[in-house]
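Reviewing the structure listed below.
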Amino acid sequence: QVQLVESGGGLVQPGGSLRLSCVASGMNFNRYTMGWYRQAPGKQRELVARIANGGRTNYAASVEGRFTISRDNAKNAVYLQMNSLKPEDTAVYYCNANLGITNVYWGQGIQVTVSS
């Protein structure tokens, strides 16, 4: 049974930083593209960043230069370092594992709130 468990969310002031972690189990982690998505109230879920099994990354334009995604295959973990946070980054953040149409998994989500 695949599980993705996120941690590291919380409340931070504008301009601050947070690091999200996602640990996977029950899957061959090395094969998966891992990603972070977010969903703000009243909005659709959107891609924030993803990292392929070979290490190639891509980011949403709104976070480029502020967020960094990384993975540690030895720990079955993917991270999202978020710097220079803005109020518009407030959302529930979801970890995602993708290996094709029939192999897509989601974490339970973790709240990130950017507010003074």
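A few points about this structure:
- Think of a 1.4 Å ball rolled over the protein heavy atoms: the chain then has 53 Å² of accessible area per residue.
- Only Lys, Arg (+1) and Asp, Glu (-1) charged, at Cβ; region 7-116 dipole about Cα centre in debye: 160 debye
- Computed about its Cα centre, the charge dipole of region 1-61 is approximately 140 debye, with only Lys, Arg, Asp and Glu carrying charge at their Cβ.
- Length-normalised contact order of the chain in % [C-alpha pairs under 8 Å, at least 6 apart]: 36 percent
- The chain - convex hull of alpha carbons, volume per residue in Å³: 96 Å³
- Only protein atoms count toward the accessible area here, which uses a 1.4 Å probe; on region 49-116, the carbon and sulfur part of that area reaches 47 percent.
The values are calculated or read from the model by the stated rules, or taken from the named source; none is laboratory data. Computed from a predicted model, the values in this text were never measured in an experiment. Because the Cβ atoms are built from the backbone with ideal geometry, glycine has one as well, and the counts that use them run over all protein chains shown. Keep in mind that these areas ignore ligands, DNA and RNA; they rest on the heavy atoms of the full protein, side chains included. Shrake-Rupley method; radii C 1.70, N 1.55, O 1.52, S 1.80 Å.
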